Every structure is written in structure tokens, then in C-alpha cells.
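Notes for the one structure printed next.
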Amino acid sequence: MSKNSNGGSSVQQDQESSYDPVRWLNLMVSEPYYLFHLLVFFSYIPVRCSAFQILDPARNSFLLKREIQVFVAYCVLSVVKIVRTESWESFIQDTLLFAKIFLTAIALVMDYHLALWYALAFLVIHIIAQQPPYEGLGSSNHLTPLQLESLLTEGNTSRFWLVEFHAFSTSACVCTSSFFPELSITYSNTNLSFGTIDLGLFPNAAERFGISLGSLNQLPVYILFENAVEVARFPEFDSEPYVFGPTITKRLLCGRFELDKRLLDYVNGK
């Protein structure tokens, strides 16, 4: 639900752009993260053509069999991921990881120096480029810490505020970056508003809201406020430290914050 006609227009644009192939093609050539990966992957074509001229027929035949096996394995893993994943950002991250592993493995079959070159190239990309997050906003609002405190203390806005605290320097926040806008499109109403705070821009806000930045892989953090008072959060304060972060899904967030119930209460005028 959108709060106004302008919000409804932006929501529709967000939904359309999510599945726009032209947008994804533009990202591939304009975003350094995607562009550098494409250049490294396509560099295998001239390398393979040169190797075909140098290697003997038996070695070429062996290499071709391995390439077919790798291609089939990559396709199977990609199909599994596209069925199970909830966001394109997560799907792209995982399929790129598979591609890097398989390309390095094939290069190792050809020559270990080539495998080392690819491993170094992927390491450099990891250092200098970052996967871009989902760009849509849905019906949520980008907030500063001062704006959030003002909205909570004034008391003349929504009864509930669900706020996501993220830092897009972490892969978990990038992979789940489309969840919050999509949830806001479905559940936003006059009683429930959605907002986001980027802890990469406002790190001092972490302490104010009881979030530890000592381990960034524990982001994103979601906090539900009712009449300016925190009533729920995910992950919990007392949650155990984790290495890879919790598996965050839209269904998990809906259940944790009872979004369906709150939407039903709004419809029924409660």
C-alpha cells in the first residue's frame, strides 16, 4: 500500500525496474563490479583459442571434457539457486562465486600460472569494487538518526515504525537489500511506516540504538517501534555471535514482526 499517488508511482517504477532486462544490461557495463567480472570471464576466450593452437590433441580433448563438465555443473547450481533465492542480488552473488571457482579450476587444468592470474584478478576485484545493492525504495524512507528520533518523539506520524539498520559494505546487507522495499510496498499504511538508516554513513547511530558494529556480519538489524518505544528487534540482543550471519528471508521478517496481523488490524480499523 502506498501513502499517496506519488508514492504509488515510485513503487510501480521500482517493481518494473526490478525485472527490466535493459536496466540489468546497463548495470553490467556501468557498474565496475559487474564490468570487471565480465572482462575477466571473457578473457578466457582468447586464452582458450591460444591454448588450442599450443596444446596437443589429447590435452585439448581432455580440457574440452572438463569444460563441458564444469558448464553442466554451473548450469545445475544456477538453476537450484534461482529457484531457492529470494533476491536477484543474492542470485548474482552466488552465481558469480560459482563462476569464479569453476573458471579458476579450468585454468588450473590448463596451467597453474593461469589459475594464479585469475585468482589474483578476482582478489583485486573484491578489494576495489563492491556489488551494488538494490536501488528501489518502495514505500520506505531513507532516514538520518535525527529524523528517526524526531519522527518517534513527535508522535503525530505512524503508530508503528519498522526500521532497517544496514551497511552496504557487507554482503548480507546487499543480498537482502530488496526485501525491505518489497515488504514496505505490501504492508505500509497509516499505522505502519518503514524506514532505513545507513550505518555506513551514520556509524554513531549504532550505539544509540544498541547495535554493535564490532562484527558487521551481524547486519542488517531490524527494530520495530510502537509509539517511540522499541517492542521487537531481529537479531535479538542476546543472540549468539555468528560467522556467516542469519538466513534472512521475507517470510522470516513477516513472522518476526507479525506484519500480516498488523495489516489485518489496520484493515479492520483496530
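Taking the range 72-99 as the range and being part of a helix (DSSP H, G or I) and either at positive phi or touching a residue at least 24 places away in the same chain (Cβ under 8 Å) (or both) as the test, the residues that pass are A73, Y74, W88, E89, S90, I92, Q93, L96, F98, A99. Looking across the range 153-166 at every residue that is crowded, with 19+ Cβ neighbours inside 10 Å and touching a helix residue (DSSP H, G or I) at 6+ places or on another chain (Cβ under 6 Å), the one that is nearest to A129 (Cα to Cα) is identified as H166. Scan the range 188-200 for residues that are open to solvent by 20 Å² or more (accessible area, probe 1.4 Å) and either under 15 Å from K250 (Cβ atoms) or over 18 Å from the mean Cα position of the chain (by Cα) (or both) and the total you get is 2. Taking the listed residues L183, L137, the one that is crowded, with 19+ Cβ neighbours inside 10 Å, of a type in the set (A, V, I, L, M, F, W, C), in a loop (DSSP other than H, G, I, E, B) and in contact (Cβ under 8 Å) with a residue 12 or more places away in the chain is L137, with no other qualifying. Applying the criterion of being part of a helix (DSSP H, G or I) and open to solvent by less than 40 Å² (accessible area, probe 1.4 Å) to the residues of the range 122-131, the residue that is farthest from L64 (Cα to Cα) is I125. Considering the range 228-266, the residues that are modelled with pLDDT under 70 and surrounded by fewer than 11 Cβ atoms within 10 Å (Cβ to Cβ) include one that is farthest from the chain's Cα centre (by Cα), namely D238. Of all residues in the range 95-121, those being buried (at least 19 other Cβ atoms within 10 Å of the Cβ) and among the aromatic types (F, W, Y) number 1. Look at (1) touching a residue at least 60 places away in the same chain (Cβ under 8 Å); (2) farther than 28 Å from C175 by Cα; (3) not polar (S, T, N, Q) and you find that L55 fails only one, number (1).
Return yes or no: is S171 under 14 Å from the mean Cα position of the chain (by Cα) and open to solvent by 20 Å² or more (accessible area, probe 1.4 Å)? Here the answer is yes, as S171 does meet what is asked.
If you go through the range 201-222 and keep only what is polar (S, T, N, Q) and over 15 Å from the mean Cα position of the chain (by Cα), you end up with N204, S212, S215. Inside the range 140-152, residues that are open to solvent by less than 40 Å² (accessible area, probe 1.4 Å) and either free of Cβ contacts under 8 Å to residues at least 40 places away in the same chain or outside any helix (DSSP H, G or I) (or both) make up a count of 2.
The values are calculated or read from the model by the stated rules, or taken from the named source; none is laboratory data. In this text, all values refer to a predicted model and were calculated from it rather than measured experimentally. For neighbour counting, all protein chains shown are included, and Cβ atoms are generated from backbone atoms with ideal geometry for every residue, glycine included. These accessible areas exclude ligands, DNA and RNA; they are computed on the full protein's heavy atoms, side chains included. Shrake-Rupley method; radii C 1.70, N 1.55, O 1.52, S 1.80 Å.
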